[in-house]
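These notes are about the structure you will find just below.
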C-alpha cells in the first residue's frame, strides 16, 4: 500500500498539477492511472517512484516500488552495459550475474554488453532499460504510458514479461488510453481535469467515468473509434481519439 | 521463454528492514562504482594522480628554499615543515573541490530514485579520506624511512589526526556550499579552484604563523585553515608556538559552513530541480 498524505506538486512557475491528494493506493494489484493529458499522471508516477519530491505532504510506501519503467537517466554511457546493469542490480538488491544473464538472454545481447553503452543503438538502449526494470525484483512496477518500447515485433515480448511479473507483483500504469488500461489492469485511479482523482475498484467502472469526463465538455469531436461499447458517450477529446488511432 | 526471473532476497521484509537494507545496498553499490574510476583512470592510477599535487608543491617549495639556501623556518627538516603545512591545506583544497561532484546538476539527474544526494556525499567523502590517507602516510612514512627524519612520526598522533579531521570537516562543508553556489552561478566552478589554490599561500605552508608581525597576524587568523595547519604541526613539534591555533574557531567555522551549505541546499533544491 502507498499512503499519500495531502500531497501537492507545483511547478516553479506556479502551476499546480497535483493538489492536496490524500489517498491510499494498492500496491499488490494491477492499477491504471487513467486520465486525459495534463492531469498529472506522469507527475504521479514520478512522485510514487521518488524521482521527484512533493512540494508538500508525505508519501509513505509500504512496498518496494520500482523506478519508472525504462528509466535510463542513471546509465553511465561511458561504462559498459554490463557495469551499468550490475550497479542497478546491486542498488536494488538483486544478484548482478542473474540480472545480466536475464537481460542479455531476452534481448539476445552478447559481446555488446561489454562495449561502452554509447556504442549501443538508441532502440537497444531503451529495450535494455525496460528489460532491466523487469529483471529487478520489486513489489510494484511503475509504468509511464508503455510497458515496453516501440518496435511492434517486440510487443509480445513485453506483454509476456509484464504478465509474468504481475503474477506475484503489483503494477501501476499511467495511460490515457482506456483500451490499454483495460488490457493491462484490474482497477484504476481516474485522474480528472476539474475534480479530485477517484479510485475505482473495477476497471470498467473507471473507463465509464473517464469517458463521461471526456464527453462532458461539448467540444467538436472526431468520431472514429469502431470498438466503442457506448457510442453515445464516446465522443471525447480530439486528442484522445488521435492517440488511439495512432496506437 | 526459459529465463528465470531474478528474485529479491528481501522481497517481503518489513518496512524498516527494507529501508536499512536499501541504504546499505545503495552505499555499497556507489562505493564500488566510484572507487572503480577516478580521473578516467583505473583505481590505483587515479588515486596516485590525486596525490601528486601536494607532493609537487612540497618538492618545488623545497627546491626553491634550498636554492635560496634558507634554513627551515622551524625544526630540523625543511621537507617535514613544508609537508606538515601542505598536506592539511591540500586536504582542505581537494575536499572542497571534490565534494562539488556529488551535488552538481549532472549527478543530481543521473541517479536512480533510491540514491539520495547525501549518499553520494558520504561515499565521495569516504573515498577521499581513503585516498588522502594513503598519500599522507606514504609521504610521512617515506620521510621517516628514506629521509631519516625521526620527527616525521608524530609525537602526538591524536592531535595530528584530530587536526586533519577538523580540516576535513571544513573542506566537506565548503564543498557542499560550493556545489550549490556553482549550480546557481556556474562561473563559480572556475573561480573557486583558482581561489582555493591561491589560499595555499595564506595558510602558512612555509612560514610560522606565530612569527608574523602582530598587525598582519590578526588578518591571517581569519583563515580557518591556518588554525588547522598549526594544530596539525602541534602533533609533530611539541614546542610549536601556539598563536593562531584556535581549535574552536576552526570547528565553529566548519559547523557554520556546514549549516549554511545544508540550508542553502534545502532552500534551493526545488528551484534547481525544476530549472535543470
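Things worth noting here:
- Distance from the Cα centroid of region B:133-155 to that of region A:69-118 is 44 Å (rounded to whole angstrom).
- Folded to 0 to 90 degrees: helix B:188-198 orientation relative to chain B principal axis, Cα: 30
- Counting every pair of alpha carbons in region B:58-167, the share spaced more than 22 Å apart comes to 45 percent.
- Estimated D of chain A in µm² per second, where Rh is the Kirkwood radius over Cα pairs and Stokes-Einstein applies at 10 °C, 1.306 mPa s: 83
- Crossing angle, helix A:81-91 versus chain A [Cα axis fit, 0-90 degrees, rounded to tens]: 70
- Volume of the convex hull of region B:109-163 (Cα atoms only), normalised per residue: 94 Å³.
- Among B:124, A:79, sorting on how many other beta-carbon atoms sit within 10 Å of each Cβ, with the fewest leading, yields A:79, B:124.
- Taken over chain B, the ratio of Cα radius of gyration to 2.2 N^0.38 Å equals 1.15.
- Taking each DSSP H run with n ≥ 4 as -39500 (n - 2.57) and averaging over every residue of chain B yields -23500 deg cm²/dmol at 222 nm.
- With helices as the sole contributors, chain A gives -10500 deg cm²/dmol at 222 nm; each DSSP H run of n ≥ 4 counts as -39500 (n - 2.57), and the sum is divided by every residue.
- Compared with the dominant principal axis of the Cα atoms in chain B, helix B:247-275 is inclined by about 30°.
- Region A:172-218 shape via C-alpha gyration tensor axes, a/c threshold 1.5: prolate
- In terms of the mean number of neighbouring beta-carbon atoms within 10 Å, the peptides B:176-187, B:263-274 order highest first as B:176-187, B:263-274.
- Reported to the nearest whole Å, the Cα centre-to-centre distance from region B:176-199 to region A:180-214 is 50.
- Look at where the Cα atoms of region B:77-130 and of region A:160-174 average out, and the two centres are 42 Å apart.
- GNM flexibility winner over chain B from B:21, B:100, B:116 (Cα, springs under 10 Å): B:21
- Cα gyration tensor category, rounded, prolate or oblate, for region A:71-116 with a/c compared to 1.5: oblate
- Rounded to 5, percent antiparallel among DSSP beta bridges of the protein assembly as shown: 50
- Derived from the Cα gyration tensor, the three semi-axes of the equivalent ellipsoid of region B:149-276 are 32, 16, 13 Å, largest first.
- If R0 equals 25 Å, the separation of the Cβ atoms of residue B:260 and residue B:109 corresponds to a calculated FRET efficiency of about 0.55.
- Averaging 1/r over every pair of different alpha carbons in the protein assembly as shown and inverting the result gives a Kirkwood radius of 26.6 Å.
None of the figures in this text is laboratory data; all of them are computed from the coordinates on show. No experiment lies behind these values; they were computed from the predicted model shown. Because the Cβ atoms are built from the backbone with ideal geometry, glycine has one as well, and the counts that use them run over all protein chains shown.
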